[in-house]
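Everything on this sheet refers to the single structure shown next.
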Amino acid sequence: MLFIALAKFKMKLDKEVVAQNMKNIEEDEKDNVQYKEIFWTLGKYDTVVIFDAPDEKTAMNMALKRLDRMEIEMLVALPADKSNPYGPV
């Protein structure tokens, strides 16, 4: 399943926060989470992450690990192409 995570850091970014995020990414990959893209953004969110996870529970666990330092909005993403059951957009 494809997911999009929109995240806002609750604290100032420093080397320790970045190191913890990198550690979490390595842990997530052991849980079959595959990161497709990670973007730094300007505006309401600090980062946008596109990733694959086996199911919603795995995606939720990924977010729960980070709640001490981020506010995360999680979206399930469906491709807008011919294989989409809702048809192309």
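The values are calculated or read from the model by the stated rules, or taken from the named source; none is laboratory data. Predicted, not measured: the structure shown is a model, and the values here were computed from it. Ideal geometry is used to build each Cβ from the backbone, glycine not excepted, and the neighbour counts take in all protein chains shown. With ligands, DNA and RNA removed, areas are computed over all heavy atoms of the protein, side chains included. Shrake-Rupley method; radii C 1.70, N 1.55, O 1.52, S 1.80 Å.
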Unmet requirement for Leu42, which otherwise passes all of (1) open to solvent by 100 Å² or more (accessible area, probe 1.4 Å); (2) of a type in the set (A, V, I, L, M, F, W, C); (3) part of a helix (DSSP H, G or I)
(3)
Out of Glu56, Glu73, Glu29, Glu16, report the one residue that is open to solvent by 30 Å² or more (accessible area, probe 1.4 Å) and in contact with a strand residue (DSSP E or B) (Cβ under 6 Å, 6 or more places away or on another chain).
Glu73
Consider only pairs whose beta carbons are under 7 Å apart and that are at least six residues apart or on different chains; among these, list those whose first residue lies in region 5-31 and is under 15 Å from Val49 (Cα atoms) and whose second residue is in a helix (DSSP H, G or I).
Ala5/Ala63; Asp28/Met62
Quick count over region 2-13, residues being touching a strand residue (DSSP E or B) at 6+ places or on another chain (Cβ under 7 Å) and open to solvent by 70 Å² or more (accessible area, probe 1.4 Å), is 2
